[in-house]
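Everything on this sheet refers to the single structure shown next.
The values are calculated or read from the model by the stated rules, or taken from the named source; none is laboratory data. For clarity, every value in this text was computed on a predicted model and none was experimentally measured. Positions of Cβ are backbone-derived with ideal geometry, glycine not excepted, and every protein chain shown enters the neighbour counts.
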Amino acid sequence: MSSEGETIGIIGAGWVGLVTAACFADLGHRVIVRDILPERIELLRAGKVPIYEPGLPELLERNKERLSYTLELTELTDEADFLFICVGTPPTYSGDADLSGVWAVVDELPPLERRLVVIMKSTVPAGTGEKVRSALEARGLGYLGYASSPEFLAEGRAIEDFVHPDRIVVGSFDPADGKRVGALYAGIDAPIVYCDVASAEMIKLASNAFLATRISFINEIANVCEVTGADVEQVAKGMGLDRRIGPHFLHAGIGYGGSCFPKDVTALKQLAGNSGYHFQLLSSVIEVNELQKRRVIGKLEKHLGALAGKTVAVLGLTFKPDTNDMREAASIVLGSRLLAEGAEVRAWDPLADRDSYLRGARICDSVLEAVTGADAAVIVTEWKELRELASEKVHSAMRNPLIIDGRNLLDPDQVRVAGFAYDCVGRPGRSSTASGQAKTSGPQAE
Ligand code: UGA
């Protein structure tokens, strides 16, 4: 790398593309970002950020001298030596990844004078790199380098994940290309795994599938804890101290969601299936997760009886806190099941795009509005605003002071002392089963 840094082209100004662009610019590279949406490019040029990610606007602003935005791919191919593909690869109806965005880029690459390296950041099925290489060769562009360097960025902490990753993965057909791509990350203190392209693609899918498996595993342990009297949080702590297991992604809850785990687990299962292998374990991981989202209904019925005519506050709509993303969120399944049972649904979230929530649900501006007159409040997303949910104000506002804590966010003893009936996930000894009858007085200890 020269002292000025390299020139990098980023294709796709979505969440992955913009985080990657901002972080590479911060490492000292010149970065040109291309998107096909004119309004997106106009916003970026005006210094506005079209997506939500904490710290991203500041990082883009701080590095604006090294960043530019364009609609023209040729601006990138004329000037950059590295082209990162950061387009979306959403699931198709069959569960396979939709690679049309990737193929549109490959087809659009013009004949070039120089040997630049195309790098896949988007999550793609193992084997995609080989197909891209064949397509490039068929177009007479076989002299271009190709590498796979998947992202391991979690929404809400993506910049931290880029700057302080556990590892960087670079797969390439030509090891020299791999080394050049690895050098772009100079300044980041993390081991780099150099490997072949198919292995890099598989590392990404397998990592997400394994994390999802851990979540489904601990959720099943939580469900067994509920019938055996064990406490899943103590179980997870005791398991996690074993260095072979580790503490992460053992937080039981209402099931995983988001734009990555559900899509990637299904895509890996499909990928195996398309090759004639039945990935049995992943079928269970998916099924456990779907059932987990629905278990809240059973808990509500345990306390309230039939849900028809009952009012339920759904607190938190996004798939996790610190994002406005509602894709595959448990709130969607829960909300539609409640409506189907004939319940009234009140929904609150501080960030979610509320217009895209379920038709039929009432969207509320505050937690207090959502719980007023409600027969139950369900914590779906562990927003910090909900930590004080078991307050006197909420108690007197609710028709029936019942909290179902889908994220084990609250302290069961405190909630009980505040006079609420309380149910959570896998902490049976610390839940209380109130009758579900209408309250007669203010907060009281049980
Ligand atoms: C995930 C991975 O964590 C990233 O490493 C990866 O790069 C990213 O997908 C991607 O493929 O782009 P993300 O989907 O943003 O990131 O969110 P996570 O923080 O991993 O959470 C996913 C879901 O699992 C959330 O619904 C969360 O509530 C749930 N979860 C997580 C649990 O239920 N329990 C846990 O212990 C951890």
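Being under 20 Å from residue 79 (Cα atoms) and either of a type in the set (Val, Ile, Thr) or in contact with a strand residue (DSSP E or B) (Cβ under 7 Å, 6 or more places away or on another chain) (or both) is the filter here, so list the residues in the stretch 19-43 that pass it.
The initial filter retains those residues of the stretch 19-43 that are under 20 Å from residue 79 (Cα atoms), namely 20-36, 41.
Answer for the stretch 19-43, where residues must be under 20 Å from residue 79 (Cα atoms) and either of a type in the set (Val, Ile, Thr) or in contact with a strand residue (DSSP E or B) (Cβ under 7 Å, 6 or more places away or on another chain) (or both): 20, 21, 24, 25, 29, 30, 31, 32, 33, 34, 36, 41.
List the helices (runs of 4 or more DSSP H) inside the stretch 149-231, counting only whole elements, that have at least 1 residues being in contact (Cβ under 8 Å) with a residue 40 or more places away in the chain and among the hydroxyl-bearing types (Ser, Thr, Tyr). Before you say what the answer is, go through the steps one by one.
Details: elements: 158-163, 175-184, 197-228.
In the stretch 149-231, 197-228 are the helices (runs of 4 or more DSSP H) which contain 1 or more residues that are in contact (Cβ under 8 Å) with a residue 40 or more places away in the chain and among the hydroxyl-bearing types (Ser, Thr, Tyr).
From the list 160, 151, 75, 61, exactly one residue is within 16 Å of the ligand (Cβ to nearest atom), surrounded by fewer than 19 Cβ atoms within 10 Å (Cβ to Cβ) and either at pLDDT 95 or above or among the basic types (Lys, Arg) (or both). Which is it?
Numbers: 151 fails: surrounded by fewer than 19 Cβ atoms within 10 Å (Cβ to Cβ); 75 fails: within 16 Å of the ligand (Cβ to nearest atom); 61 fails: within 16 Å of the ligand (Cβ to nearest atom).
From the options 160, 151, 75, 61, the qualifying one is 160.
When residue 440 is evaluated against the numbered criteria (1) in a helix (DSSP H, G or I); (2) modelled with pLDDT under 95, which criterion, by number, is the only one it fails?
Among (1) in a helix (DSSP H, G or I); (2) modelled with pLDDT under 95, the lone unmet condition for residue 440 is (1).
Can you run down the residue pairs with Cβ atoms below 9 Å, 6 or more apart or on separate chains, where the first is in the stretch 348-363 and free of Cβ contacts under 8 Å to residues at least 24 places away in the same chain and the partner is of a type in the set (Phe, Trp, Tyr)?
Cβ pairs passing all conditions: 363/348; 363/357.
Quick one: would you say residue 212 is within 9 Å of the ligand (Cβ to nearest atom) and modelled with pLDDT of 95 or more? Before you say what the answer is, go through the steps one by one.
Working: within 9 Å of the ligand (Cβ to nearest atom): yes; modelled with pLDDT of 95 or more: yes.
Yes, satisfied.
Which condition does residue 131 not pass, out of (1) closer than 21 Å to residue 275 by Cβ; (2) in contact with a Leu (Cβ under 7 Å, 6 or more places away or on another chain), if it passes all the others?
(2)
Output the residues belonging to the stretch 136-148 that are surrounded by 15 or more Cβ atoms within 10 Å (Cβ to Cβ) and more than 16 Å from the ligand (Cβ to nearest atom). Before the answer, list the steps.
Taking the stretch 136-148 first, the residues surrounded by 15 or more Cβ atoms within 10 Å (Cβ to Cβ) are 136, 141, 144-148.
Those that are surrounded by 15 or more Cβ atoms within 10 Å (Cβ to Cβ) and more than 16 Å from the ligand (Cβ to nearest atom): 136, 141, 144, 145, 146, 147.
Looking only at the stretch 349-376, count every residue that is touching a Ser or Thr at 6+ places or on another chain (Cβ under 7 Å) and of a type in the set (A, V, I, L, M, F, W, C) and tell me the total. First the steps, then the outcome.
To start, the set of residues in the stretch 349-376 that are touching a Ser or Thr at 6+ places or on another chain (Cβ under 7 Å) comprises 349, 351-352, 358, 373-375.
This time we only want the ones that are of a type in the set (A, V, I, L, M, F, W, C), so: 351-352, 358, 374.
Looking only at that region, the number is 4.
Residues 376, 361: which one is surrounded by fewer than 23 Cβ atoms within 10 Å (Cβ to Cβ) and of a type in the set (A, V, I, L, M)? Talk me through it step by step, then tell me what you get.
Working: 376 fails: surrounded by fewer than 23 Cβ atoms within 10 Å (Cβ to Cβ).
None of the others qualify; the one that does is 361.
Restricting attention to the stretch 292-321, which residues are among the charged types (D, E, K, R) and surrounded by fewer than 19 Cβ atoms within 10 Å (Cβ to Cβ)?
Pass one, the stretch 292-321, residues among the charged types (D, E, K, R): 293-295, 299, 301-302, 310, 320.
Result: 294, 301, 302.
Checking residue 254 against (1) more than 28 Å from residue 326 (Cα to Cα); (2) buried (at least 22 other Cβ atoms within 10 Å of the Cβ); (3) not small (Gly, Ala, Ser), which single condition isn't satisfied?
Among (1) more than 28 Å from residue 326 (Cα to Cα); (2) buried (at least 22 other Cβ atoms within 10 Å of the Cβ); (3) not small (Gly, Ala, Ser), the lone unmet condition for residue 254 is (1).
Go through (1) in contact with a strand residue (DSSP E or B) (Cβ under 9 Å, 6 or more places away or on another chain); (2) free of Cβ contacts under 8 Å to residues at least 60 places away in the same chain; (3) not in a helix (DSSP H, G or I) for residue 416 and report which single condition fails.
Checking residue 416 against (1) in contact with a strand residue (DSSP E or B) (Cβ under 9 Å, 6 or more places away or on another chain); (2) free of Cβ contacts under 8 Å to residues at least 60 places away in the same chain; (3) not in a helix (DSSP H, G or I), the one that fails is (3).
Take the residues in the stretch 370-393 that are under 25 Å from the mean Cα position of the chain (by Cα) and outside any loop (DSSP other than H, G, I, E, B), then tell me which one is nearest to residue 296 (Cα to Cα).
Here the answer is 378.
Every residue in the stretch 73-98 that is within 18 Å of the chain's Cα centre (by Cα) and closer than 17 Å to residue 181 by Cα, please.
86
Okay, residues lined up against (1) among the small types (Gly, Ala, Ser); (2) in contact with a Cys (Cβ under 8 Å, 6 or more places away or on another chain); (3) modelled with pLDDT under 50:
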residue: 408; (1), (2), (3): no, yes, no
residue: 424; (1), (2), (3): no, no, no
residue: 427; (1), (2), (3): no, yes, no
residue: 434; (1), (2), (3): yes, no, yes
